[in-house]
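Visitor: Mind looking over this structure? Questions follow.
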Amino acid sequence: MDVAVAEILSFLTDHFGEDFQSYSKSLAEKRIAERAAQLSLTEASAYREFLRSAPAEPEFLARMLRVRFSTFFRDALQFELLGSVIIPAMLHDCKGLFRGWSAACASGEEAYSLAIILDEAMQVLEERVKVQIFATDIAADALDEARLARYRPDRLGGVTLKRLQGCFTPRKSEHQVVEKLRDMVTCSRYDLLDQRTYVPPESLFGGFDLVLCRNFLMYLDAPAYSMVFDKLFRALNPGGVLMLGKAETVPERYAPDLERIVDFGNLYRKKGARRG
Ligand SMILES: C[S@@+](CC[C@H](N)C(=O)[O-])C[C@H]1O[C@@H](n2cnc3c(N)ncnc32)[C@H](O)[C@@H]1O
């Protein structure tokens, strides 16, 4: 890696007290080159000097490195499988409490997509179960948006008309997720790269039936990928389900303990008897 790029990541790590050195080096190089080009700087070393002198720049670059994009029902087929086949069976067995974790949730689209399909499955089964979804991210401003759960129409791409009418309330130019679904979701800041903890402190008491960690692992280098994957694996109850992003895979070491639920897609079940 370019020395200047390494120095930039080290600067950000010191500046924020958070790990910026575990993101994939190729991603970091690409994003830094993009940002330098926006500023008409041709060398990473020139951008490094700019970064040190411009007070708002560290935050700007941090946001570029921590890609924020998300949508509702991102990867619709997997959500369909989850909602119509996997979750109904899990709700039936879960003895009154279902716990999910949307790890690296961005502005909440993923966590509320999960709340919607859980609510729909409960209606079909005519069974009410207490649902706790922990939605965590490192970006405090993304979490503020997630707590508010208000989305402009251009951010509701994956939402059907039926769900738009049943699960959202129009608020001026935005749509807010209805209270019943918001109440299922607890948003909190959690750094998945923090090696001192395994799960968000708010969720300590008990494992998870379902863990979604999508489109975050793909931005990490190999050691960090393995460290975060270990957290996700430990957080899952036996029989619990892990949902990864399209470009993310299970490291070989965990393959004996995680079976792929269908032979396409990225849903895996942790082996072992379910609780309850
Ligand atoms: C591309 S978004 C993924 C959103 C959602 N999971 C999805 O698939 O649509 C990646 C998210 O990872 C978050 N992130 C980056 N570094 C993180 C870290 N160290 N700990 C927790 N979240 C992090 C970013 O803030 C961003 O919201």
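The values are calculated or read from the model by the stated rules, or taken from the named source; none is laboratory data. The shown structure was predicted, so the numbers you read here are calculated from the model rather than taken from an experiment. For neighbour counting, all protein chains shown are included, and Cβ atoms are generated from backbone atoms with ideal geometry for every residue, glycine included. Each accessible area value is taken on the protein alone, full model and side chains, heavy atoms only, with ligands, DNA and RNA left out. Shrake-Rupley method; radii C 1.70, N 1.55, O 1.52, S 1.80 Å.
Visitor: Identify the residue in the stretch 47-66 that is aliphatic (A, V, I, L, M) and surrounded by 16 or more Cβ atoms within 10 Å (Cβ to Cβ) and, among all such residues, is farthest from the ligand (Cβ to nearest atom).
Guide: Per the criteria, the residue is L51.
Visitor: For the stretch 173-186, check the following and say yes or no: at least one residue is part of a strand (DSSP E or B) and under 14 Å from the mean Cα position of the chain (by Cα).
Guide: Scanning the stretch 173-186, I find at least one residue that is part of a strand (DSSP E or B) and under 14 Å from the mean Cα position of the chain (by Cα), so the answer is yes.
Visitor: Same structure, new question: For A28, state whether it is open to solvent by 30 Å² or more (accessible area, probe 1.4 Å) and among the hydrophobic types (A, V, I, L, M, F, W, C). So that I can check it myself, show each step before the final result.
Guide: Working: open to solvent by 30 Å² or more (accessible area, probe 1.4 Å): no; among the hydrophobic types (A, V, I, L, M, F, W, C): yes.
For A28, the condition - open to solvent by 30 Å² or more (accessible area, probe 1.4 Å) and among the hydrophobic types (A, V, I, L, M, F, W, C) - is not met.
Visitor: From the list A62, A103, which one is within 14 Å of L212 (Cβ to Cβ), in contact with a helix residue (DSSP H, G or I) (Cβ under 8 Å, 6 or more places away or on another chain) and among the small types (G, A, S)?
Guide: A103
Visitor: One residue is enough: does the stretch 104-120 have a residue meeting the conditions more than 18 Å from the chain's Cα centre (by Cα) and not β-branched (V, I, T)?
Guide: Among the residues of the stretch 104-120, at least one is more than 18 Å from the chain's Cα centre (by Cα) and not β-branched (V, I, T), which makes the answer yes.
Visitor: If you check L9, L41, which single one turns out to be crowded, with 16+ Cβ neighbours inside 10 Å and within 16 Å of the ligand (Cβ to nearest atom)?
Guide: Numbers: L41 fails: within 16 Å of the ligand (Cβ to nearest atom).
Sole residue among the options that is crowded, with 16+ Cβ neighbours inside 10 Å and within 16 Å of the ligand (Cβ to nearest atom): L9.
Visitor: Give the number of residues within the stretch 113-155 that are more than 13 Å from the ligand (Cβ to nearest atom), without any contact (Cβ under 8 Å) to a residue 40 or more places away in the chain and out of contact with any Ser or Thr (no Cβ under 7 Å at 6 or more places or on another chain).
Guide: Of the residues in the stretch 113-155, 16 are more than 13 Å from the ligand (Cβ to nearest atom), without any contact (Cβ under 8 Å) to a residue 40 or more places away in the chain and out of contact with any Ser or Thr (no Cβ under 7 Å at 6 or more places or on another chain).
Visitor: Okay, next question. How many of the residues making up the stretch 171-181 are within 25 Å of G83 (Cα to Cα) and free of Cβ contacts under 8 Å to residues at least 40 places away in the same chain? First the steps, then the outcome.
Guide: If we filter the stretch 171-181 for residues that are within 25 Å of G83 (Cα to Cα), which is where we start, we get 175-181.
Keeping just the survivors that are free of Cβ contacts under 8 Å to residues at least 40 places away in the same chain gives 175-176, 178-179.
Total meeting the criteria: 4.
Visitor: Which residues, counting only those in the stretch 194-230, are in contact (Cβ under 8 Å) with a residue 24 or more places away in the chain, part of a loop (DSSP other than H, G, I, E, B) and closer than 30 Å to L91 by Cβ?
Guide: Y198, V199, P200, G206, G207, R214, N215, F216
Visitor: Is at least one residue of the stretch 29-36 part of a loop (DSSP other than H, G, I, E, B) and within 16 Å of the ligand (Cβ to nearest atom)?
Guide: Looking through the stretch 29-36, none of the residues is part of a loop (DSSP other than H, G, I, E, B) and within 16 Å of the ligand (Cβ to nearest atom).
Visitor: Would you mind listing the helices (runs of 4 or more DSSP H) fully within the stretch 47-166 where at least 2 residues are touching a strand residue (DSSP E or B) at 6+ places or on another chain (Cβ under 8 Å)?
Guide: Details: elements: 57-65, 76-81, 87-93, 109-125, 140-148.
Of the helices (runs of 4 or more DSSP H) lying wholly inside the stretch 47-166, those with at least 2 residues that are touching a strand residue (DSSP E or B) at 6+ places or on another chain (Cβ under 8 Å) span 76-81, 87-93, 109-125, 140-148.
Visitor: While we're looking at this one, here's another question. Determine if the stretch 218-229 includes at least one residue that is touching a Phe, Trp or Tyr at 6+ places or on another chain (Cβ under 9 Å), away from the ligand (no atom under 13 Å from the Cβ) and closer than 27 Å to D119 by Cβ.
Guide: Looking for residues that are touching a Phe, Trp or Tyr at 6+ places or on another chain (Cβ under 9 Å), away from the ligand (no atom under 13 Å from the Cβ) and closer than 27 Å to D119 by Cβ, one finds none in the stretch 218-229, hence no.
Visitor: Are any residues in the stretch 233-276 among the hydroxyl-bearing types (S, T, Y) and open to solvent by 30 Å² or more (accessible area, probe 1.4 Å), and if so, which ones? Walk me through it before giving the result.
Guide: First, the residues of the stretch 233-276 that are among the hydroxyl-bearing types (S, T, Y): 249, 254, 268.
If the condition is that a residue be among the hydroxyl-bearing types (S, T, Y) and open to solvent by 30 Å² or more (accessible area, probe 1.4 Å), then T249 is the only one that fits.
Visitor: Further question on the same structure: Listed residues E57, E7, E80; which is assigned by TED's automatic domain parsing to the domain that holds A222 and at pLDDT 95 or above?
Guide: Values: E57 fails: assigned by TED's automatic domain parsing to the domain that holds A222; E7 fails: assigned by TED's automatic domain parsing to the domain that holds A222.
The match here is E80.
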